[in-house]
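Engineer: For reference, the structure I am asking about is given below.
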Amino acid sequence: MNKNILICGVGGQGTVLASRIIAASAMNMGEKVMSAETIGMAQRGGPVTSHVRIGNDVFSPLIPFGQADMILAFEPAEAVRNLKYLKKGGTVIVNTVPVKPVTESVKDTGYDGSAMTAYLKKEYKCVFADSDKTALKFGSTKFFNIIMLGIACGIGELGIDGTELVEQIKRSVPAKYLDINTEAFNEGLRTGEKYKGDQ
Amino acid sequence: MTEYIMGNGAIAMGALKAGISFASGYPGTPSSEIIETIYKRKHEGVYLEWSVNEKAALEGAAAAAMSGARALVTMKQVGLNVASDPLMSLAYVGIKGGLVVVSADDPGPISSQTEQDTRRFADFARIPVFDPSSVEEAYEMIQDAFDYSEKYKTPVLFRPTTRVCHAYASVDIKDYDRPAVCEGFVRDSSKWVIFPRLSYINHGLIEERNVKIGKELSSYRFNTVEGISEKAVVTSGISYAYVKEALKDLKEVKLIKIATAYPFPEDFVLEALRGVKEAICIEELSPYLEEQILKTVGKYHLDTEVSGKINGRVAHNGENSVELSERVLRAFLDTDGKEEDTDKSDIPKVPARPPVLCAGCPHRASFYAVKQAAKGRKSIFCGDIGCYTLGNAMPLDMVDTCLCMGAGITMAQGFSHTNEDTACFAFTGDSTFFASGITGVVNAVYNEADIILCILDNSTTAMTGHQPHPGTGFNLSNGNTVKADIGKILEAAGVKKIITTDPLDHKRSVEAVKECLEEKGVRAVIFKSPCIAIERSDKKCAIDREECVNCKKCIHETGCPALIISEGNVTIDTTLCTGCGLCKNVCPKGAIGG
C-alpha cells in the first residue's frame with residue numbers, strides 16, 4: 001500500500017491524535033509508516049499539519065507537493081492553504097466551520113470560510129463536515145477528530161480497516177470516553193459511506 | 001520491538017541502549033522530547049535532570065563523564081551558544097566515559113532565533129559531529145556517537161534537525177540493561193585541570209587525533225555512496241531524504257551522503273569523487289560540506305566542478321524540501337521541470353494565521369496591565385524568549401526587542417543608560433529568569449540601572465511543552481523538591497521595590513506598575529498566574545446581549561482568540577474561553593460577566 005494523508009487545522013483541534021491513530025493502525029496492519037508534525041511556537045493558534053506516509057518507497061517525512069491522496073482539513077482556509085500537497089483527483093475532507101484568526105477579528109476583514117468552501121466545492125472532490133453539528137450532538141467539538149477519521153474510512157480511500165481504526169481509538173482515548181468516541185466514529189463512517197464512489 | 005516513535009524518542013532510546021547513567025538538558029524546540037522520553041521510559045540507574053540552563057547541563061554531564069559514566073546532554077542549537085564555554089574547554093580536557101551533546105538545529109528557522117549550524121561548532125571546538133538523516137538512523141547513530149566519544153576520550157556532538165527530531169517512524173527498539181556503576185572520579189590534576197600548558201599540549205594531540213578519526217570515519221557505516229555517474233549529489237541529514245524522494249523521477253546520479261561532517265572523512269570523499277565531473281551540494285544551514293569538498297578538490301587538484309550555496313545554485317537560508325531539491329536537481333541534470341497543470345489564479349486568498357497567546361493566557365493580562373499603566377509615557381518594552389514573545393502581536397504590541405535568553409533584563413539596562421526620560425521595561429518568564437535572568441538583575445542593581453522588571457511567572461516552561469524548573473518545586477529525579485522563590489532572589493540581589501500581583505486582577509496589576517513608575521532604580525512586578533494548560537479552568541465569560549453595543553473594544557484591545565464575531569455580534573467562543581475576565585475590564589458598557 002502507498003498512501004499519503006495530510007491532516008491540517010489550527011492548534012488545539014485534535015489533528016495530532018487523528019494522525020497518530022491513522023499511523024498506528026497502518027503499522028498494526030504491517031505497513032511501514034512515517035510522519036511529521038508541527039510542534040513548537042506554531043502550535044499557539046497557528047496552522048498545524050501532520051503528514052502521514054504509508055508505504056515502503058518513502059524517504060521524506062513530509063509529503064511532496066501533489067502526492068497526498070487525501071487531505072483531512074479541520075478548517076476550510078487550512079484546506080486551501082495545503083492544496084499544493086493534494087494529488088490530481090485526490091479527496092478533501094473538510095470542516096466548513098471556520099476558525100477566525102485573531103488578526104482577522106482585530107481587522108474586521110470578515111473571513112467566514114465560505115469563499116474557501118465554495119472554491120473547494122468547485123474545484124475538488126470534497127466531503128464536507130460540520131464541527132458545530134458535532135458539538136450539538138456530542139456536547140463538544142473534541143470528538144470531531146474521530147468523526148473525521150470515520151469519514152475518511154467511510155469513503156473507502158484510506159486503505160485502513162475500520163476495525164483496526166476502532167481498535168486504535170480504544171487504545172488512544174480514556175475508557176470513559178470510549179463509547180462516545182465509537183459513536184462519533186460510526187457517525188463519520190455513515191457520512192463517508194454516502195460519498196463512497198460517487199463524488 | 002518495533003515502535004512507532006518520534007525522532008527525539010529514538011535518540012533517547014538509543015542513548016539508554018548505549019548505557020547512559022546521566023542525562024541533563026534545558027528545554028528547547030526541537031530537542032525537548034529527548035529528556036522527556038527518558039523520564040517516561042524505564043531508566044533505573046540513570047540520573048536525570050532538567051538543568052537550569054545548557055551551561056549547567058553540560059558542566060554536570062562533564063563531571064559524570066570524568067567519573068567514567070556515559071552522559072547525555074540535550075539542547076537546541078542556540079542552547080549550544082550558552083554551553084559553548086564549557087564545551088570549548090572540555091574539548092581540550094577530554095572525558096573518560098562517553099559524553100554526547102545533542103544540539104538540535106532548526107533550519108527555517110521554525111522555532112528559533114538563528115539558522116546557525118552545529119557542524120561549524122564541531123569544527124570550531126575540534127570535536128566529532130554526527131548528523132542523522134532519519135529517525136531509524138538517529139537511533140543507531142547516537143549509540144555510535146557514544147562509542148567514538150569513549151574511544152577517543154572526547155565530547156562528541158550529535159546534531160539532528162527539526163525534521164528528524166519531530167518525524168515519526170517505525171523503529172526496532174532493542175531492550176536495554178540498567179547501566180553499570182561507573183568507576184568514580186580519579187584525582188589527577190595534570191589531566192582534569194585546564195591550564196595553559198595542558199591546553200598547549202592537548203591542542204597538538206587533538207589535531208593529530210582528528211586526522212585519525214577522519215580516517216576511521218571514512219569507513220563509517222552511515223557515510224554512503226549510491227549509484228554511478230559523472231554527476232554527484234553530496235548531501236547530509238534530512239536533505240538526503242528529500243534528495244532520495246526527488247530522484248525517484250529523475251535520472252541516475254551518484255549520491256554521496258556524509259553523516260560525519262567533522263572530522264571530515266577525506267579518504268571516503270576522495271574515493272566517492274573518483275570519476276565525478278560535477279558535484280552539487282544539497283545541505284541545510286551553512287555550506288559546510290560544500291566548503292570541505294572544495295577544499296578537498298583544491299588540495300588534490302581534482303577535475304570536479306563543485307556547486308551549491310556558494311555559487312548560488314542552492315539557497316543559503318530556509319529549510320530544504322523535496323520540491324526545492326527537485327528544482328535544484330533538474331537544473332543540475334538539465335532536465336525540464338514538470339508542467340504546472342492547473343490554473344491557480346482563482347484560488348481564494350488564505351488568511352494569515354500567526355501564532356498568538358492562548359485565550360485566557362495570563363501573559364496577555366500582564367502585558368495589558370503594563371500597557372494601561374504606561375499609557376502616555378515614553379517607554380521601551382524589552383521582550384525575551386518564551387510564549388510571551390508573542391506579546392509583540394497586535395493589538396498588544398508590547399515587545400520592542402527580543403534577542404536571546406535573558407537579554408531583556410540586561411538590554412533594558414542599556415536602554416536606561418542611553419535613553420533619557422524613558423521607562424525601560426523588561427519582560428521575563430519564570431524559566432528564563434532562572435536560566436539566565438538572575439545575573440542580569442544583579443548587574444542592574446550593582447550598576448544602578450533604572451528599569452522595571454516584569455516577571456511573567458506562569459509556573460512552567462510553557463513554550464517548549466511545560467517542563468518543570470526551579471520555581472515549580474518539582475524535579476525529574478525525586479519529584480518534589482525545594483521551590484525557588486523569585487521574590488526572595490530579587491530581594492537578595494538588592495531589588496528594593498518588589499510587588500507580586502495576580503495579572504488577572506487587572507486593577508491591582510495596573511496600580512502595581514504605576515507605583516513602580518513613580519520610583520527610580522530597579523523595581524520589579526511579579527505577575528503570578530499559572531499557565532492555562534497547567535491549571536485548567538471551567539469558568540467562562542458571557543456577554544449580555546442587551547448591554548453589548550458591539551463596539552468590539554474587547555477584541556481590539558486584547559486580541560483574545562476567544563472573542564469572535566458571529567453573525568455580526570461579538571461572541572465568546574466557549575470552547576476557548578477560560579473565564580480569565582480580562583475582557584470584562586475592557587468593556588466600556590460592563591456587558592461581560594460570568
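Engineer: If you take the Cα atoms of region B:299-443, find Rg, then find the Kirkwood Rh from the mean of 1/r over all pairs, what is Rg/Rh?
Structural biologist: Working: Rg = 24.0 Å, Rh = 19.9 Å.
Ratio value, two decimals: 1.20.
Engineer: For region A:90-199, with equal point scatterers placed on the C-alpha atoms only and solvent neglected, what are the log10 I(q)/I(0) values from the Debye formula at q = 0.24 1/Å, to two decimals?
Structural biologist: Log10 I(q)/I(0), no solvent term: -1.27.
Engineer: In whole Å, largest first, what are the principal axis extents of the Cα atoms in region B:362-528?
Structural biologist: On the principal axes, region B:362-528 reaches 49, 35, 29 Å in Cα extent.
Engineer: Average partner chain C-beta neighbours within 10 Å, per residue of B:318-328?
Structural biologist: Mean shielding count: 2.
Engineer: Something else now. Could you work out the percent of alpha carbon pairs in the protein assembly as shown separated by over 43 Å, rounded to a whole number?
Structural biologist: Within the protein assembly as shown, distances greater than 43 Å cover 33 percent of Cα pairs.
Engineer: I've got another one for you. Per residue of chain A, what 222 nm ellipticity follows from adding -39500 (n - 2.57) for every DSSP H run with n ≥ 4, rounded to the nearest 500?
Structural biologist: After summing the helix terms and dividing by the residues of chain A, the value is -12500 deg cm²/dmol.
Engineer: Now, a different point. What value, in deg cm²/dmol to 500, does the helix sum -39500 (n - 2.57) over DSSP H runs of n ≥ 4 give at 222 nm once divided by the residues of chain B?
Structural biologist: Result for chain B, helices only: -10000 deg cm²/dmol.
Engineer: Might you tell me the accessible area per residue for region B:362-528, computed with a 1.4 Å probe and given in Å²?
Structural biologist: That works out to 41 Å² per residue.
Engineer: Roughly how many debye, to the nearest 20, is the charge dipole of region B:332-460 about its Cα centre, given +1 on each Lys and Arg Cβ, -1 on each Asp and Glu Cβ, and no other charges?
Structural biologist: It comes to approximately 720 debye.
Engineer: At 1.002 mPa s and 20 °C, plugging the Kirkwood radius over alpha-carbon pairs of chain B into Stokes-Einstein gives what diffusion coefficient in µm²/s?
Structural biologist: 81
Engineer: Taking the Cα centre of the protein assembly as shown as the origin, how large is its charge dipole in debye, to the nearest 20, when only Lys and Arg (+1) and Asp and Glu (-1) carry charge on their Cβ atoms?
Structural biologist: 1000
Engineer: Another question, then. What FRET efficiency do you get for A:Lys194 and B:Thr439 if R0 is 56 Å and r is their Cβ-Cβ distance, rounded to the nearest 0.05?
Structural biologist: The computed FRET efficiency comes out at 0.30.
Engineer: Can I ask one more? Averaged across B:557-568, how many Cβ atoms of other chains sit within 10 Å of each residue's Cβ atom?
Structural biologist: Partner Cβ neighbours, averaged per residue: 3.
Engineer: I need the chymotrypsin sites (Phe, Trp or Tyr not before Pro) found in region B:106-143, filtered to DSSP loop residues with at most 14 other beta carbons within 10 Å of theirs.
Structural biologist: The qualifying sites: there are none.
Engineer: Still on this structure: Considering every residue in B:155-164, what mean count of other chain Cβ atoms within 10 Å of its Cβ is obtained?
Structural biologist: Mean number of neighbouring Cβ atoms from other chains: 1.
Engineer: What nm distance separates the two modelled labels at B:Leu198 and A:Phe128, each placed 7 Å from Cα along Cα→Cβ?
Structural biologist: It works out to 7.3 nm between the two label points.
Engineer: Once you put a point 7 Å from the Cα of A:Asn186 and another 7 Å from the Cα of B:Asn447, both along the Cβ direction, what distance in nm separates them?
Structural biologist: Roughly 6.9 nm, to one decimal.
Engineer: Please compute, over every Cα-Cα pair in chain A, the percentage with a separation greater than 32 angstrom.
Structural biologist: In whole percent, the share of Cα-Cα pairs in chain A beyond 32 Å is 9.
Engineer: Another question about this same structure. Among residues other than B:Ile486 whose Cβ falls under 13 Å from its Cβ, what is the net charge (Lys/Arg +1, Asp/Glu -1)?
Structural biologist: After counting each charged neighbour, the total is -1.
Engineer: Would you mind checking A:Lys137/B:Lys349; A:Lys87/A:Lys121; A:Lys3/A:Lys84; B:Lys42/B:Lys191 for any pair whose Cα atoms are more than 28 angstrom apart?
Structural biologist: A:Lys137/B:Lys349; B:Lys42/B:Lys191
Engineer: Another one. Identify the trypsin sites (Lys or Arg not before Pro) of region B:321-423 meeting these criteria: DSSP loop state and at most 16 other C-beta atoms within 10 Å of the C-beta.
Structural biologist: B:Lys338, B:Lys344, B:Lys349, B:Lys375, B:Arg377, B:Lys378
Engineer: Compute the distance in nm between two label points, each set 7 Å from the Cα along the Cα-to-Cβ direction, one at B:Cys404 and one at B:Glu519.
Structural biologist: If labels sit at B:Cys404 and B:Glu519, their model points lie 3.2 nm apart.
Engineer: Right, something else. In terms of Cα to Cα distance under 23 Å, which lysines are near enough to B:Lys497, apart from those fewer than 8 places away along the same chain?
Structural biologist: Excluding near neighbours in sequence, the set is B:Lys371, B:Lys375, B:Lys378, B:Lys483, B:Lys488, B:Lys507, B:Lys514, B:Lys520, B:Lys528.
Engineer: Given a cut-off of 18 Å, what percent of all Cα-Cα pairs of region B:542-593 lie beyond it?
Structural biologist: Details: 197 of 1326 pairs.
Counting pairs separated by more than 18 Å, the tail of P(r) holds 15 percent.
Engineer: Can you tell me the convex hull volume per residue for region A:80-137, based on C-alpha atoms, in Å³ to the nearest whole number?
Structural biologist: 98
Engineer: Then there is this: Within 10 Å of each candidate Cβ there may be at most 15 other Cβ atoms; applying that plus a DSSP loop requirement, which chymotrypsin sites (Phe, Trp or Tyr not before Pro) in region B:403-468 survive?
Structural biologist: In loop regions of region B:403-468 (DSSP not H, G, I, E or B), there are no sparsely surrounded chymotrypsin sites (Phe, Trp or Tyr not before Pro).
Engineer: Then there is this: What value in Å³ per residue do you get for the convex hull of the alpha-carbon atoms in region B:224-332?
Structural biologist: Cα convex hull per residue, to the nearest whole number: 87 Å³.
Engineer: Need one word for region B:2-217: rounded, prolate or oblate. Basis is the Cα gyration tensor (sqrt eigenvalues a ≥ b ≥ c); a/c below 1.5 gives rounded, then a/b vs b/c decides.
Structural biologist: On the way: a/c = 1.61, a/b = 1.31, b/c = 1.23.
Since a/c reaches 1.5 and a/b is larger than b/c, the shape of region B:2-217 is classed as prolate.
Engineer: Additional query: Can you pull the percent of the protein assembly as shown's accessible area that's carbon plus sulfur, 1.4 Å probe, other chains left in place?
Structural biologist: Roughly 52 percent, rounded to a whole number.
Engineer: Would you work out the charge dipole size for region B:362-528 about its Cα centre, treating the Cβ of every Lys and Arg as +1 and the Cβ of every Asp and Glu as -1, and quote it to the nearest 20 debye? Before the final figure, lay out each step's value.
Structural biologist: Numbers: 15 positive and 17 negative charges, 52 e Å.
That gives region B:362-528 a dipole magnitude of about 260 debye.
Engineer: In addition: Just name one of B:Thr304, A:Ala175, B:Cys361: the one whose Cα is farthest towards the positive end of the charge dipole of the protein assembly as shown (beta-carbon charges, Lys/Arg +1, Asp/Glu -1).
Structural biologist: The one lying farthest along the dipole's positive direction is B:Cys361.
Engineer: Ok, one more. So for region B:224-332, taking the charge dipole from beta-carbon charges (+1 Lys/Arg, -1 Asp/Glu), which of B:Ile293, B:Val243, B:Ala279 sits furthest toward the positive end?
Structural biologist: Value computed over the given set: B:Ala279.
Engineer: Taking K and R as +1 and D and E as -1, what net charge do the other residues with C-beta under 11 Å from the C-beta of B:Thr29 add up to?
Structural biologist: For residues surrounding B:Thr29, the net value is -1.
The values are calculated or read from the model by the stated rules, or taken from the named source; none is laboratory data. A quick note: this is a predicted structure, and the numbers were derived from the prediction, not measured. Here Cβ is always computed from backbone atoms with ideal geometry, including for glycine, and neighbour counts include all displayed protein chains. All accessible areas refer to the heavy atoms of the entire protein, side chains included, with ligands and DNA or RNA removed. Shrake-Rupley method; radii C 1.70, N 1.55, O 1.52, S 1.80 Å.
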